[in-house]
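Participant: Please find one structure pasted underneath; my questions will follow.
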Amino acid sequence: MATTTISLAAIRRLAVSTQAYAPRFRRASAGDVETVIRRLGAVQLDSISTVDRAHRLTLASRIGAYDEKDLRALLGSGRAFEYWAHEACLLPVELWPHFRRTMDGGGHWGIHDRALLEHADLVEPVLERIRAEGPLASRDFGGTRTSAEMWGRTPAKAVLEALWDRGELVVAGRESFQRRYDLTERVIPRAILDAPTPDEDETLRTFALLAVRARGALTEPAIREHWRLKGGRARLHHHVLALVDEGLLREVPPDDGGPPFYVEAEVELDGDPAPPVLLCPFDNLLWDRPLLERLFGFRHVIEVYKREHERAYGYYVLPLLAGDRIVGRADLMADLAEGVLHVRRFHPALGVRGNVGAKLERAAARLARMLGLDEVRHP
């Protein structure tokens, strides 16, 4: 009996519609912010602010303009937390127990282990100050950077980051994007802290299911990339098959003959088109570049760390999504003092039909309004 295949176009429409990009400008409530973090499962953070911070672009494209105070309140009250997932991400607090094994195992990076060894004398004084004074940022501790390089840190900052990586401190909010650290037991709800640590099998199954729910349709390698899971196919494959056997996921063979996709068992394999929207370069839809190229025929590149003459598209480039296609990419810069969103360059995608310029104008106007800017300006 022949297996029925599903068109890549239908899978692509499902992936786009699952993101639920807002069809028009709106203002979001604090509840909207918490809901979308929970729905997405993870929202990537990044320090570049050429247009706006990455998490703000990702959240606002789905829920509209929101007050950053609402996000600080979520972090400060332990309803969301920051930790390593795809990269450094905002996460719903109910996932905390699933990351505890990593925290207890020494965190992610050798640089943090070295910081705790090299600056062991600072650990207790840092904790004691936070215990006595409340949330503090690295600048509150002073000190001299240990390197002139871009990521050089003061000893106190190195210790703070290491204690956060270990789960002993949490980010209770940010000011000018600088983390303010507090003791974990003062922020994360006691019920979450007292919850048992799930075994690795439960965590991997939870992560696989959440990734598919958040993204609509993923291949197995894309599920691993969603959480940056190490260990390759051998670590995750049998868990994905178990979720299929239990009726929670469904395996979908695509018509391009490539590896199968996994979707929620009862989901309809189609979806509504998206309004024109300029995507944050770190948007969840863009996380897996091979998957993106397969589904959209779009090669996503981030060129912020390249020298200017090496860039093909620009410094901070936002892909333009319209319907179920990525129809171009725009190099943007927000000038807050001038009140202008500058479209420095735009490259339409090859083979795109229709009035791409009108779609760009609509998406840029909405983005400018979300940023509180008065005008969109082209060269």
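The values are calculated or read from the model by the stated rules, or taken from the named source; none is laboratory data. Small disclaimer: the values here were computed from a predicted structure and weren't measured. FYI the Cβ positions are ideal-geometry reconstructions off the backbone, even for glycines, and counts take in every protein chain you see. SASA here: full protein model, heavy atoms, side chains in, ligands and nucleic acids out. Shrake-Rupley method; radii C 1.70, N 1.55, O 1.52, S 1.80 Å.
Participant: Counting Lys +1, Arg +1, Asp -1, Glu -1, what net charge surrounds residue 334 among other residues with beta carbon under 13 Å of its beta carbon?
Facilitator: Within the 13 Å Cβ shell, the charges total -1.
Participant: Averaging the inverse of every distinct alpha carbon separation and then flipping it gives the Kirkwood radius. What is it for the stretch 236-304, in angstrom units?
Facilitator: With all distinct Cα pairs of the stretch 236-304 included, I get 14.5 Å.
Participant: Go through 133-140, 176-183 and give me the packing order, highest mean Cβ count within 10 Å leading. Write down the numbers at each step before the final one.
Facilitator: Working: 133-140: 16.1, 176-183: 17.6.
Highest mean packing first, the order is 176-183, 133-140.
Participant: Quick one: P(r) of the chain from all Cα-Cα pairs, 20 Å bins, percents rounded to integers, in order of increasing distance.
Facilitator: 26, 56, 17, 0
Participant: Where nothing but the Cβ of Lys and Arg (+1) and of Asp and Glu (-1) is charged, how large is the charge dipole of the stretch 324-379 around its Cα centre, in debye to the nearest 20?
Facilitator: Computed about the Cα centre, the dipole is about 320 debye.
Participant: Please report the carbon-and-sulfur percent of the accessible area for the stretch 244-379; probe 1.4 Å, protein heavy atoms only, DNA, RNA and ligands left out.
Facilitator: 48 percent
Participant: Let me ask something else about it. Would you kindly derive the ³J(HN,Hα) couplings of the stretch 261-277 from the backbone phi angles with the Karplus curve 6.51 cos²θ - 1.76 cosθ + 1.60 (θ = phi - 60°), listing them in order in whole Hz, with x for Gly and Pro?
Facilitator: The phi angles translate into 9, 10, 10, 4, 4, 9, 6, 7, 7, 5, x, 7, x, 8, x, x, 8 Hz.
Participant: For the stretch 146-273, what is the relative contact order in percent, using Cα pairs closer than 8 Å and at least 6 residues apart in sequence?
Facilitator: 15 percent
Participant: May I ask for the Rg/Rh ratio of the stretch 170-276, computed from Cα atoms with Rh as the Kirkwood radius, given to two decimals? Numbers along the way, then the final one.
Facilitator: Working: Rg = 17.9 Å, Rh = 16.5 Å.
Checking Rg against Rh, the ratio lands at 1.09.
Participant: Could you report the stretch 245-303's accessible area per residue, 1.4 Å probe, as an integer in Å²? If you can, show how the numbers build up before the last one.
Facilitator: On the way: 2600 Å² over 59 residues.
Counting only protein heavy atoms, the per-residue value for the stretch 245-303 is 44 Å².
Participant: Here's something else I'd like to know. Where does each of 39-45, 346-352 land if you order them by average Cβ count within 10 Å, highest first?
Facilitator: The peptides rank, most packed first, as 39-45, 346-352.
Participant: Also, quick follow-up: Dividing the Cα radius of gyration by the Kirkwood radius, what Rg/Rh value follows for the stretch 319-379? Present the calculation step by step, with values, prior to reporting the outcome.
Facilitator: Numbers: Rg = 11.7 Å, Rh = 11.9 Å.
The Rg/Rh ratio comes out at 0.99.
Participant: Further, regarding this structure: Reported to two decimal places, what Rg/Rh ratio describes the stretch 270-379 when computed on Cα atoms with Rh from the Kirkwood expression? Kindly include the intermediate steps, with their values, before the conclusion.
Facilitator: Working: Rg = 13.8 Å, Rh = 14.5 Å.
Rg divided by Rh gives 0.96.
Participant: Given R₀ = 22 Å, what would the calculated FRET efficiency be for residue 301 paired with residue 365, taking r from the Cβ atoms and rounding to 0.05?
Facilitator: Once rounded, the FRET efficiency stands at 0.30.
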